[in-house]
Amino acid sequence: MSRIVMSDESEKDLLQIGDYIAEKLKSRRSALGTIKGIRQAIDKLEDFPLIGTPLSAVAGIDTDYRFVGHGNYLAFYRPKEGKVYVDRVLYSRRDYITILLGELPDEDDV
């Protein structure tokens, strides 16, 4: 069984997601349901830390990040030595590669 370690950024992400849905979309019930669903997806990583999709498989870059999703949100994590480090929880249409890894060099620059 792995221990989940949430980063400060991932905790802030969850708060911002909940606030956005509750305030901007005017649905407190949806906000609570979305946050609960994301937390449940993350909690599954305790027993199955490799259940998520490797980011390298969908982005064509070398990274140890994996992700699990709930609705329109993705939790990005790294399993390591009996722990699962959840670094960010992001809306799936954001530029999560740049957010997670910073600017990558162009293929021409490599």
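When you scan the stretch 72-84, how many residues do you find that are farther than 14 Å from Asp13 by Cβ and touching a residue at least 60 places away in the same chain (Cβ under 8 Å)?
4
Per the conditions (1) in contact with a helix residue (DSSP H, G or I) (Cβ under 6 Å, 6 or more places away or on another chain); (2) exposed (fewer than 14 other Cβ atoms within 10 Å of the Cβ), the sole criterion not satisfied by Ser30 is (2).
Matching residues to (1) assigned to a helix (DSSP H, G or I); (2) within 16 Å of Val5 (Cβ to Cβ); (3) not hydroxyl-bearing (Ser, Thr, Tyr):
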position: Lys26; (1), (2), (3): no, no, yes
position: Ala31; (1), (2), (3): yes, no, yes
position: Thr34; (1), (2), (3): yes, no, no
position: Ile51; (1), (2), (3): no, no, yes
position: Ile61; (1), (2), (3): no, no, yes
position: Val68; (1), (2), (3): no, yes, yes
position: Ala75; (1), (2), (3): no, yes, yes
position: Val84; (1), (2), (3): no, yes, yes
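Kindly list the number of the only condition in (1) under 11 Å from the mean Cα position of the chain (by Cα); (2) exposed (fewer than 12 other Cβ atoms within 10 Å of the Cβ) that fails for Gly69. Every listed condition holds for Gly69 apart from (2). Looking only at residues in the stretch 1-31 that are polar (S, T, N, Q) and in contact (Cβ under 8 Å) with a residue 12 or more places away in the chain, the one that is farthest from Val84 (Cα to Cα) is Ser10.
Among the residues making up the stretch 52-98, those that are β-branched (Val, Ile, Thr), more than 19 Å from Thr34 (Cα to Cα) and modelled with pLDDT of 95 or more are Thr53, Val84.
The values are calculated or read from the model by the stated rules, or taken from the named source; none is laboratory data. Since this is a predicted model, take the numbers as computed values, not measurements. Quick reminder, even Gly has a Cβ in these numbers, built from the backbone with ideal geometry, and neighbours come from all protein chains shown.
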